Amino acid sequence: MQSPKGRLIRKNFFKPSKTLRDLQKTVPNLTISEEICDILNGNRELKKSLEHVNPDEMHVSLLSVPTGLRPMVRFGKDASKEAMRFYLNPLSVVWCITVCKPLEPSLRIKKEVDNIMKLLNITTQFLEAKVKEKHNSVRGFGTESHRNPR
């Protein structure tokens with residue numbers, strides 16, 4: 001998900017990334033969900049924080065190629081194939097959050113950095129909650145809970 005560059009915080013700040021749409025062209029059965037974008041766009045606390053920071057860009061994405069495979073991708077392996085292999089059998093869920101905001105030395109720099117850290121914390125807390133929610137729904141899939149009678 002990425003944000004458009006600009007000065008005004010738009011209603012739909014987050015949208016699926018171009019990289020993900022490009023990957024979908026090579027992997028037709030890949031489904032792009034806008035669920036997280038919609039929830040991030042509807043989060044009032046996050047919107048307020050975005051207004052304070054006013055970043056040029058902000059990206060929220062899943063790690064698409066595990067760290068151990070990155071050298072192989074750099075040395076000629078097809079990155080989209082490695083990313084798809086990882087998505088089909090993930091070893092972990094790792095989010096990458098990037099905020100692009102030029103900072104100039106000034107008396108306000110500490111406040112600006114504090115606002116950026118607050119934005120990152122709000123986003124991280126949301127993503128952690130979402131992962132836990134998904135984990136709990138998957139963990140309970142196909143199982144039943146029975147109480148032992150005493």
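The values are calculated or read from the model by the stated rules, or taken from the named source; none is laboratory data. Just so it is clear, the model here is predicted, and its values are computed rather than measured. We place every Cβ from the backbone using ideal geometry, glycine too, and count neighbours over all the protein chains shown.
Quick rundown of the values:
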quantity	calculated
Those residues of the range 12-30 which are outside any helix (DSSP H, G or I) and closer than 19 Å to C96 by Cα, in sequence order	F13, F14, K15, P16, S17
Those residues of the range 1-27 which are surrounded by 15 or more Cβ atoms within 10 Å (Cβ to Cβ), under 17 Å from I39 (Cα atoms) and modelled with pLDDT of 65 or more, in sequence order	F13, F14, K15, P16, S17
Looking only at the range 88-103, and only at residues there that are outside any loop (DSSP other than H, G, I, E, B), in contact with a strand residue (DSSP E or B) (Cβ under 8 Å, 6 or more places away or on another chain) and among the aliphatic types (A, V, I, L, M), the one that is modelled with the lowest pLDDT	I97
Candidates S106, S33, S61, S49, filtered to the one that is surrounded by 13 or more Cβ atoms within 10 Å (Cβ to Cβ), among the small types (G, A, S), modelled with pLDDT of 75 or more and not in a helix (DSSP H, G or I)	S61
